[in-house]
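The next block holds one structure in the form of structure tokens; read it before the comments.
Only the coordinates and a few stated rules stand behind these numbers; no lab work does. Predicted model, so just to flag it, every value in this text is computed and none were measured. Neighbour counts are summed over all protein chains in view; Cβ atoms, including those assigned to glycine, are modelled from backbone coordinates with ideal geometry.
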Amino acid sequence: EDEVFFKYIQLIINSSNSALSLINNLTQWAKSQTRELIVNLEIISLNSLITKTIPIINPNAINKDINIEVNLSKHDLIKADESLLGTILRNLLTNAIKFTHSNGKIIVSSNPNGGFLEISITDTGIGIEPQNLKKVFKIDSKFTKLGTNDEKGTGLGLILCKEFVEMQGGKIWVTSEVGVGSTFTFTLPLAVSNP
């Protein structure tokens, strides 16, 4: 009985998280499409924002016994909009958890490159088939996939990530190998040049 009860509780939690994610993504996407979204670039610390973001998504990781490792560069001051960057990080981390099996690992890392900071989220998940790699950031492709615990996606999260990264002067891309995992990397301008 306890096992059945726990299973239904988990289904309710997953459905609630999926619905909340969809509402948040739709709201922000609608604002961006109607030009109501104001980009407020300021100097922020990536390390500080990651420290605030991980506890928000960590319950999902704990649920699947997924370990999140953080390996960030000491050069972490970037020109970014904190709200948009928070949305990008939450979407990418939530996806990494969704597509990683229990007892897997996610690594959040950063590396200065020229005048930009490259921020990567790497998982040990199921990976993306080569023919689908070009579809993940396109709204007209309707690319969605069930997670390892049958978690549903909306197909909007990565599209929003691309749009928000580009609004802040960066780029985003993905590399992936089926059965090994994926790495989503995006760039944002450094606040100061590397010493």
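Efficiency by 1/(1 + (r/R0)^6): what FRET value for residue 173 and residue 105, r their Cβ-Cβ distance, R0 = 25 Å, to the nearest 0.05?
0.75
Return the sequence-ordered ³J(HN,Hα) values of region 173-182 in whole Hz as given by the Karplus equation 6.51 cos²θ - 1.76 cosθ + 1.60 applied to θ = phi - 60°, using x for Gly and Pro.
Ordered by residue, 3J(HN,Hα) equals 8, 9, 10, 7, 9, 4, x, 10, x, 10 Hz.
Can you compute 3J(HN,Hα) from phi for each residue in region 108-122, using the Karplus curve 6.51 cos²θ - 1.76 cosθ + 1.60 with θ = phi - 60°, rounded to whole Hz and x for Gly and Pro?
Values, residue by residue: 9, 9, 9, 8, x, 8, x, x, 10, 9, 8, 10, 10, 10, 10 Hz.
Which value in nm describes the separation of the simple spin-label points at residue 133 and residue 38, placed 7 Å from the Cα toward the beta carbon?
4.0
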